[in-house]
Amino acid sequence: MFSYLKGTITEIRPEYVTLETGDIGYRLFAPNPYQYHIGDIETIYVYQKVAEDEISLYGFKTAAMRDLFLKLISVNGIGPKSAKAILAAGSVEAITAAIESGNAKFLQKFPGIGPKASQQIILDLQGKIELETNIAKTDSLSEVEEALQALGYSQKEIRKILPKLDAGKSTSDLVRDALKLM
């Protein structure tokens, strides 16, 4: 299985992009192919689907997007095409927030997702999605996380506030800021 491919975008179509790497052009089905530009060198995170009658590669701009895709296709009744449509129409953060808060109406705005499917997504994934943030978890942030857990805060509560902290501050200042946000 592949984790990511790095290469040059050589073709953009409504459903996919072609990424050339090592003199091979890979067709990657992407949620929003038009976010790429021909000639750009990209690292695209991939998922390989192997079925009885097909082998497909799905490509994503970020690892967090791929991880959410994998969570979505684990839900009964949600296949790769539906999950791709959800990711094409919404951001990882917004989709994750909707799932965590139980906002079924938000999920129903995506193509092919009705009331039953949105409830199934919430039921299966609520509390199970780790939102990847763009901040690298420094030693200070790890210490803050441990301190908050020791004080009895849940992992879900901690994940919501970690991205709001300034990683450049001292650990004691970070703990103080985190407690203010709780």
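The values are calculated or read from the model by the stated rules, or taken from the named source; none is laboratory data. Small disclaimer: the values here were computed from a predicted structure and weren't measured. Note that each Cβ is placed from the backbone with ideal geometry, even for glycine, and that neighbours are counted across all protein chains shown.
Whenever a residue of the stretch 93-107 is farther than 15 Å from Gly127 by Cβ, its partners that are surrounded by 21 or more Cβ atoms within 10 Å (Cβ to Cβ) and hydroxyl-bearing (Ser, Thr, Tyr), lying with C-beta atoms within less than 6 angstrom and at least six residues away or across chains, give the pairs Ala104/Ser118; Leu107/Ser118.
One line per residue, one yes/no per condition, for (1) among the β-branched types (Val, Ile, Thr); (2) surrounded by 15 or more Cβ atoms within 10 Å (Cβ to Cβ); (3) in contact with a His (Cβ under 9 Å, 6 or more places away or on another chain):
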residue	(1), (2), (3)
Ser142	no, no, no
Ala147	no, yes, no
Leu151	no, no, no
Ser154	no, no, no
Arg159	no, yes, no
Leu162	no, yes, no
Thr171	yes, yes, no
Arg176	no, no, no
Lys180	no, no, no
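Among residues of the stretch 124-162 being among the basic types (Lys, Arg) and within 15 Å of the chain's Cα centre (by Cα), the one that is modelled with the highest pLDDT is Lys128. Listed by position, the strands (runs of 3 or more DSSP E) enclosed by the stretch 19-60 that each have at least 2 residues that are under 12 Å from Gly7 (Cα atoms) and of a type outside the set (A, V, I, L, M) are 24-29, 41-51. Screening Lys6 with (1) buried (at least 18 other Cβ atoms within 10 Å of the Cβ); (2) in contact with a strand residue (DSSP E or B) (Cβ under 8 Å, 6 or more places away or on another chain) gives one miss only, at (1). Take the residues in the stretch 16-41 that are in contact with a strand residue (DSSP E or B) (Cβ under 6 Å, 6 or more places away or on another chain) and acidic (Asp, Glu), then tell me which one is surrounded by the fewest Cβ atoms within 10 Å (Cβ to Cβ). Among residues in the stretch 16-41 that are in contact with a strand residue (DSSP E or B) (Cβ under 6 Å, 6 or more places away or on another chain) and acidic (Asp, Glu), the one surrounded by the fewest Cβ atoms within 10 Å (Cβ to Cβ) is Asp40.
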